[in-house]
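Here is the structure we will look at, set down as structure tokens.
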Amino acid sequence: MTGGLRFSWELRGSGWAACRIADGRAERTDIVSYCTDALSDLLHAVAGLYGAADSQRVSFDLEPAEVRWRLRRRGTDVEIIIYQFPDTFTSWNAPDDEGTRCWHSTQPRSTLGHVVTEAAEAVLRTHGEAGYLEKWGQHSFPSAALDNLRRLHQRDDACRHENCQVSADS
Ligand SMILES: [Zn+2]
């Protein structure tokens, strides 16, 4: 159903999260810090792929490295490229091609929207809002961003996964 794309977001200890993405070919894991509202930023970036803009970027602070996801729409697909820069402090505004391209995949938007929504829901199931805030520290669980992405995915992707069927009374 998800075309081999897998994504997970796992809180680790205090103020860190393991962000893992894999397709049938390669896997990438980054340990992301709470210096940014990282999960919220990712949910907003993926949700942006349902609007008029053709490309979205989201940066994660690895202290000190920066990892940047560039998401670009290609018809009904999304090209995902992950770049790494040695130092967030100096690279924040650097062009993508100054970074090292370390993972890429092209996937249907419906698949990306699905796996990111499910991963965020799993975080909420595991920790709850209070547990999330306790672990992540600076930022609350991005419930509004998750609701928004779920709504766009259900509305526009015709996802056949049972959790994504819009019930008649909603
Ligand atoms: Zn779905």
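The values are calculated or read from the model by the stated rules, or taken from the named source; none is laboratory data. The structure displayed is predicted, hence computed values, not measured ones. Neighbour counts run over all protein chains shown; Cβ positions are idealised from the backbone, glycine included. With ligands, DNA and RNA removed, areas are computed over all heavy atoms of the protein, side chains included. Shrake-Rupley method; radii C 1.70, N 1.55, O 1.52, S 1.80 Å.
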- Task: Rank A18, A65, V46 by how far each Cα sits towards the positive end of the charge dipole of region 1-106 (+1 on Lys, Arg Cβ; -1 on Asp, Glu Cβ) and give me just the farthest.
- Result: V46
- Item | Across the chain: Cys residues that no other cysteine approaches within a C-beta distance under 4.7 Å | C19, C35, C102
- Using a 1.4 Å probe over the heavy atoms of the protein chains, calculate the carbon and sulfur portion of the accessible area of the chain as a whole percent. 47
- What spacing in nm lies between the two simple spin-label points modelled at W92 and L133, each 7 Å away from Cα in the Cβ direction? 2.6
- Report the residue, chosen from F89, F60, F141, that carries the largest GNM mean-square fluctuation when the chain is represented by alpha-carbon nodes joined by springs under 10 Å. F89
- What accessible area, in Å² to the nearest ten, does a 1.4 Å probe give for C35? 80
